[in-house]
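A.B. asks: This is the structure I want to talk about, given as C-alpha cells.
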Amino acid sequence: MEPNDFRLILADKGINEIKRLLNALRTQKRREVATKLEEIASKLQSVRYCYMPAEDVAKLDEVLEISRTAVEIKSFVEQRDFAGITVKYWLEYLEKLPELMGRGEITKVFEVMRFFSGDIVTRKKEKDLWLCVFDCGSRLEIATNTDFKGRKVVSYLPPRRFGSFISQGMFVDAEFSKKGELTLEDIRSISGKLREVETVLVSIMRE
C-alpha cells in the first residue's frame, strides 16, 4: 500500500472536516473530541508510511484503534443538523477503515466508498429535485434530479445541502436483487456506471 492510497487521503480529509466543524457541535466534550482527533491523525500518519499490503494494514493496532476512537467520538454527537450529520459521516468512515483497507489493493477512486442496494420508499418533487427516502436496511435521504423509482444503488457520500434538505449520497443507475451493502466485487461489476461518483470523489479530495 502506498502513502497516497485513496482511503488514507479520504480519511485525512475526514479528520480535517471534523476539526473544521468542531465549534458547531453542541457537546460538552469538545476538548476531549479535539484531543482524540489528534490521536487519530497521529495514528493515520504512522499507517501511511508502513508500506504493508492493505489487507495487513487492516489488522494493524493503529487502524483498529482509529476505528474504536471514532466510535467513541460518535457517541458524543447527537445533533441532526448539517454539522452533526457531516461529522457523524466522517466518523463512520474512520470507524469502517479496517473493513475498507481489508478490500486489498485498489486502483479506482470509487473503490474507497461504501455502496448500498435498496428501495426508494418515498419521493417528492421540489423545484428541480426529487427528495427521496432510501431504505437499504437503514434509511438515507437522497436528493436527485432524476425521477428514480424502485430498487437502486446509492453511493454513500459526504452530506450535501440542497436548501433545507440534507442529501446523504448519490443514486447510481444500477440494480441488485439483494438489499444492503455491496461487496467490492459488486462495486467493480458496475464500474462503468460510476464515472460521476468518481468525479465527485476527486473533487472532494482536492478541496
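A.B. asks: Taking into account only those residues within the stretch 59-83 that are assigned to a loop (DSSP other than H, G, I, E, B) and at pLDDT 95 or above, which is nearest to Glu32 (Cα to Cα)?
C.D. replies: Only one residue tops the list, namely Leu60.
A.B. asks: Here is a further query. Residues Leu44, Leu60: which one is buried (at least 17 other Cβ atoms within 10 Å of the Cβ), in contact (Cβ under 8 Å) with a residue 24 or more places away in the chain and not small (Gly, Ala, Ser)?
C.D. replies: Criteria check complete, one pass: Leu44.
A.B. asks: When you go through Val109, Val77, Val121 one by one, which is the residue that is more than 27 Å from Leu194 (Cβ to Cβ) and among the aliphatic types (A, V, I, L, M)?
C.D. replies: Exactly one residue qualifies, and that residue is Val77.
A.B. asks: Could you list, in sequence order, all residues of the stretch 175-199 that are part of a loop (DSSP other than H, G, I, E, B) and either modelled with pLDDT of 95 or more or in contact with a His (Cβ under 7 Å, 6 or more places away or on another chain) (or both)?
C.D. replies: Phe176, Lys179, Leu182, Thr183, Ile190, Leu194 - these are the residues of the stretch 175-199 that are part of a loop (DSSP other than H, G, I, E, B) and either modelled with pLDDT of 95 or more or in contact with a His (Cβ under 7 Å, 6 or more places away or on another chain) (or both).
A.B. asks: Another question, then. How many residues are farther than 18 Å from Val172 by Cβ and without any contact (Cβ under 8 Å) to a residue 24 or more places away in the chain if we restrict to the stretch 82-121?
C.D. replies: Looking only at that region, the number is 3.
A.B. asks: So Asp119 ticks every box in (1) surrounded by 15 or more Cβ atoms within 10 Å (Cβ to Cβ); (2) at pLDDT 95 or above but one. Which box is left unticked?
C.D. replies: (1)
A.B. asks: Another one. Quickly run through the stretch 160-177 and pick out the residues that are surrounded by 13 or more Cβ atoms within 10 Å (Cβ to Cβ) and either out of contact with any Lys or Arg (no Cβ under 6 Å at 6 or more places or on another chain) or of a type in the set (A, V, I, L, M) (or both).
C.D. replies: Arg160, Phe162, Phe165, Ile166, Gln168, Gly169, Met170, Val172, Ala174, Phe176
A.B. asks: For the stretch 127-143, how many residues are in a strand (DSSP E or B) and closer than 20 Å to Asp81 by Cα?
C.D. replies: 9
A.B. asks: Filter the stretch 21-41 down to the residues that are of a type in the set (D, E, K, R) and touching a residue at least 24 places away in the same chain (Cβ under 8 Å) and list them by number.
C.D. replies: Arg26, Lys29, Glu32, Lys36, Glu39
A.B. asks: In the set Leu184, Leu129, Leu157, Leu140, which member is in contact (Cβ under 8 Å) with a residue 60 or more places away in the chain and surrounded by 14 or more Cβ atoms within 10 Å (Cβ to Cβ)?
C.D. replies: Leu184
A.B. asks: Residue check: is Glu17 in a helix (DSSP H, G or I), charged (D, E, K, R), touching a Phe, Trp or Tyr at 6+ places or on another chain (Cβ under 8 Å) and touching a residue at least 60 places away in the same chain (Cβ under 8 Å)?
C.D. replies: yes
A.B. asks: Another question, then. So which of Thr122, Thr146 is hydroxyl-bearing (Ser, Thr, Tyr) and part of a loop (DSSP other than H, G, I, E, B)?
C.D. replies: Thr146
The values are calculated or read from the model by the stated rules, or taken from the named source; none is laboratory data. These numbers were taken from a predicted model, which means no experiment stands behind them. For neighbour counting, all protein chains shown are included, and Cβ atoms are generated from backbone atoms with ideal geometry for every residue, glycine included.
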